[in-house]
């Protein structure tokens, strides 16, 4: 018996296989193409975000690293993780008063670099920040070792009261020991300087002569190193206390800004540098030593009404010493020299070209 | 004998049919599953694109909002003042104020309907002067020179059609109001869309479709605490938590609901501190 294979009995396995494979291939290719497009969109978004981070990183590094006033058009490139940032700074306002702060705008363009994609930036983003080059030493006028815009009264006995405008660092010219507003009475205690005591003018006039912009300092224009008083640290930092503060059995350095009243208490209270107080200073410590300069009653700039007049002395066994040390003042102000960003002045839509 | 060998027995046919049915059923199931998978993935991509496109559009404008820049908020909409260009004020030369304008995004500037000026005071707060303004080029450099205010490279000297905006040296920005709202789509009836309205112009549908869960929450206070309650004091809003629930254009094969992509992002206002 011989079985014959008819021509039309070849089967359909191969065509069916080819059809199925082709169908699957087309389906998969379409999926990959769609996923590839999605991936490229995601990568593009990621690169844009990276470029923004690089730009912000460059901006912060620039603002935080300048130790001397940059020239108009200063340009620096920072290599940071994920790319590099080109930073430029321009002077926007240069007051005729050379001691006044100059306004800058600092622009940072971030370039996101993906090493595997070559040197061509994968994303570019530009941001900017307005800021002042702060030269506090120029603005803060040393009109007295102790300037009391709210007035000061020395109580009897005043044996422990000593206020000196004579520079204990022997570097700068001597200043008045006390600069008080009208009504101040300093009949007890020891005062020296050039001259020892100056009492004249209204409280707001005295507050204005200090050069301190109390509204800006307490309204957010002053960015301190410490929110609150940090004692026992020899770093000449800046401290901002909102409300009243008490310095008790402690010492500190730098600029102490108290928006309310400052009370000294305990067996000792020492401060080295600059003390700015919105209200009055209440001297209660057995040994109160301020080495640098001290100002009180500055809140009068805001209200026009002087805070309560301060008293000093009254207890013979206590020491109240305020001595002018120009080197401590300089250390404090030098620490504060640099860029201070203008609050709420960040620009996110600067031209990138 | 040849004639007897042409056919198959009934048993052979039945076995063959059963085997073919099993194979066909399996193949069909594979193809259907594959097709549904592709359809679902495609729908997911579509939903994700909606969410991402919306995020990219809104972030650029919302980040620059300052204090006083939030005009109205609700769970499904926000209305804010968006900075278009920054600058420094010089003096008034009636009826204009001369100013040094910083370089700006020309595309954004060209498409903006300026509705006012906000100038920055000593305390870091913006003061708003509302109303339509016009900006023209100025050649009055001497006005700015009086206060030592410069025009930087790429910037320009301009005249703002409002006098006495603020003291010389104050920072300012020109703004337009922008409203973002999740509402019914016009392009895709029955679906929700993100709408953008600049000033008093007609609202534009910018991205669709979205799920009904898409909404705004509010970041309040210095810690940016999320809240669903509309705050009484708008200045306490320091950012937005935006829940972008993108939906697919179509219902994936074999499913009864649209595919969704749920993305929540925080936008902190950088100039409200």
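If I fit a long axis through the Cα atoms of helix A:13-65 and take the longest principal axis of the Cα atoms of chain A, what angle between them do I get, 0 to 90°, rounded to 10? The helix A:13-65 is inclined about 20 degrees to chain A. Once the Cα-Cα distance is subtracted from the 0.36 nm per residue extended length, the residue A:17 to residue A:225 segment shows a gain of 67.4 nm. In a solvent-free Debye calculation with one equal scatterer on each Cα, what is log10 I(q)/I(0) for the range B:53-209 at q = 0.11 Å⁻¹, listed in the order of the q values? Log10 of I(q)/I(0), two decimals: -0.48. Per residue, chain A reaches -7500 deg cm²/dmol at 222 nm when only DSSP H runs of four or more residues are counted, each adding -39500 (n - 2.57). With a simple spin-label model that places each label point 7 Å from the Cα along the Cα-to-Cβ direction, the separation between residue A:171 and residue B:212 comes to 7.3 nm. Would you compute the Debye intensity of chain B from its alpha-carbon atoms alone, equal scatterers and no solvent, and pass along log10 I(q)/I(0) at q = 0.07 Å⁻¹ to two decimals? The calculated log intensity ratios at q = 0.07 Å⁻¹ are -0.41.
Between B:239, B:64, B:169, the residue with the greatest mean-square fluctuation in the GNM of chain B (Cα pairs under 10 Å linked by springs) is B:169. Determine Rg/Rh for the range B:104-185; Rg is computed over alpha-carbon atoms and Rh is the Kirkwood hydrodynamic estimate from the same atoms. That ratio equals 1.03. For chain B, the longest principal axis of the alpha carbon atoms and the long axis of helix B:10-62 meet at an angle near 0°.
Using the Kirkwood formula over every pair of different C-alpha atoms, what hydrodynamic radius in Å results for the range A:197-353? Over the range A:197-353, the inverse of the mean reciprocal pair distance is 16.5 Å. The ranking of B:92, B:143, A:332 from fewest to most other beta carbons within 10 Å of each one's beta carbon is B:92, B:143, A:332. If the segment from residue B:93 to residue B:75 were pulled out straight at 0.36 nm per residue, it would be longer than the present Cα-Cα gap by 2.1 nm.
Centre-to-centre separation between the Cα atoms of the range A:286-303 and those of the range B:245-273: 57 Å. Given in Å, the Rg to one decimal and the Dmax to the nearest whole number for the Cα atoms of the range B:163-273 are 18.2, 67. Specify whether the C-alpha gyration tensor of the range A:285-353 places it in the rounded, prolate or oblate class, a ≥ b ≥ c being the square roots of the eigenvalues: rounded for a/c under 1.5, otherwise prolate if a/b is larger than b/c and oblate if not. Cα axes put the range A:285-353 in the oblate bin. Taken along the Cα-to-beta-carbon direction at a fixed 7 Å, the label points for residue B:265 and residue B:134 span 3.7 nm.
If you look at the Cα atoms of the range B:1-103, you get an Rg and a Dmax of 35.6, 118 Å.
Beta bridges per DSSP, both residues in chain A: antiparallel share near 40 percent.
Multiplying the residue separation of residue A:30 and residue A:43 by 0.36 nm and subtracting their alpha-carbon distance yields 2.7 nm. With bins 10 Å wide beginning at 0, the percent of Cα pairs of the range B:40-91 falling in each bin runs 19, 35, 25, 14, 5, 2, 0. For chain A, the ratio of Cα radius of gyration to the globular rule of thumb 2.2 N^0.38 Å stands at 1.66.
Over what distance in Å are the Cα centres of the range A:63-93 and the range A:114-170 separated? Taking the Cα centre of the range A:114-170 as reference, the centre of the range A:63-93 is 22 Å away. Nearest 0.05, what FRET efficiency do residue B:233 and residue B:27 give at R0 = 45 Å with Cβ-Cβ as r? Efficiency, rounded to the nearest 0.05: 0.10. Once the mean of 1/r is taken over each pair of separate Cα atoms and inverted, the protein assembly as shown shows a Kirkwood hydrodynamic radius of 29.7 Å.
Where both bridge residues fall in the protein assembly as shown, DSSP classifies roughly 65% of the beta bridges as antiparallel. Label-to-label distance for residue B:249 and residue A:244 is 7.0 nm, based on points extended 7 Å past Cα in the beta-carbon direction.
Given the C-alpha centroids of the range B:1-61 and the range B:67-118, what is the distance between them in whole angstrom? Here the two parts' Cα centres lie 56 Å apart. The long axis of helix A:326-335 is offset from the longest Cα principal axis of chain A by roughly 20 degrees. Considering only A:165, A:183, A:278, the Gaussian network model of chain A with Cα springs below 10 Å gives its largest mean-square fluctuation to A:183.
A short reminder: the numbers here are calculations on the coordinates, not readings from a lab. A quick note: this is a predicted structure, and the numbers were derived from the prediction, not measured. Please note: Cβ atoms are built from the backbone with ideal geometry, for glycine as well, and neighbour counts cover all protein chains shown.
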